[in-house]
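So the structure is just underneath, and the comments pick up after that.
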Amino acid sequence: MKLFTLALPALAAAASIQPLQSRQVAGGPRVVYAAQLGNPNGCPAGTFSFALSEGGLIGTIIFDAYNALVGPGISTGEREKQCDFDVTIEFPIGCTTGNIIVHPRGDNFIANTDTGVYSASYTLPKGQLPAGNPPNIQYRSGQNFAAFQSIPASINIRNQNERNTTFTARTRIFLETPLSNPQYSEFSIQNMDIYVRDVVTTPTC
């Protein structure tokens, strides 16, 4: 597992999560588990793990090998990486709307000519994501990466057996560089929080 140190910009981003967490609802949706899908090159077996906060409101995915690289002597196949995973979320019975928050972050070294890109496609098979997929996140020259995506969601849970539902993420990171012989750059996702906020649950839709 990678260990990394957050500099001041990332600390500020970490601090900004507190108001978002405080808007979660006690007894509302809880993240239960996350598991990788297949064996993608961004999270091969043994490099993907999952941890829960106290109470299970926030799930954290930890990536040990989700990094895209360019530079002298580096294979072009390292420029782009993928990681697909399922997150199990326990919703309350009733009609629930809210925002699924995806908060990726990591340490990076990106040359001033290059751009790191995080791209993702999300689905909630038993519910709806009415706004569709969020735009790509672009990260230019710097070291500490932290971003938020807020994905509106709605779901109708009719009984106890339906409460555990799957939120699927198909994610990709890559480096854009204008140079035919690029400088060294690394763009990585080292961990990612996932939780639900702004929750409203009513007996029926």
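Bear in mind these aren't lab numbers, they're just calculated from the coordinates by the rules spelled out. What you are looking at is a predicted structure, and each value in this text was computed from that prediction instead of being measured. Don't worry about glycine lacking a Cβ; one is built from the backbone with ideal geometry, like all the others, and counts go over all protein chains shown.
For the reader, a short list of remarks on this structure follows.
- Each Lys or Arg adds one and each Asp or Glu subtracts one; over the other residues with Cβ under 14 Å from the Cβ of GLU162, this totals +2.
- Degrees, to the nearest 10: 8-22 long Cα axis against longest axis of the chain: 10 degrees
- Among (i) 17.7, 59; (ii) 16.8, 53; (iii) 15.4, 42, the entry derived from the coordinates for Rg and Dmax of the Cα atoms in Å: (i)
- Using a Gaussian network model of the chain in which every pair of alpha carbons under 10 angstrom is joined by a spring, one finds that among ALA68, ALA131, ALA146 the greatest mean-square fluctuation is at ALA131.
- Trypsin sites (Lys or Arg not before Pro) restricted to DSSP loop in the range 152-205 with at most 14 other C-beta within 10 Å: ARG158
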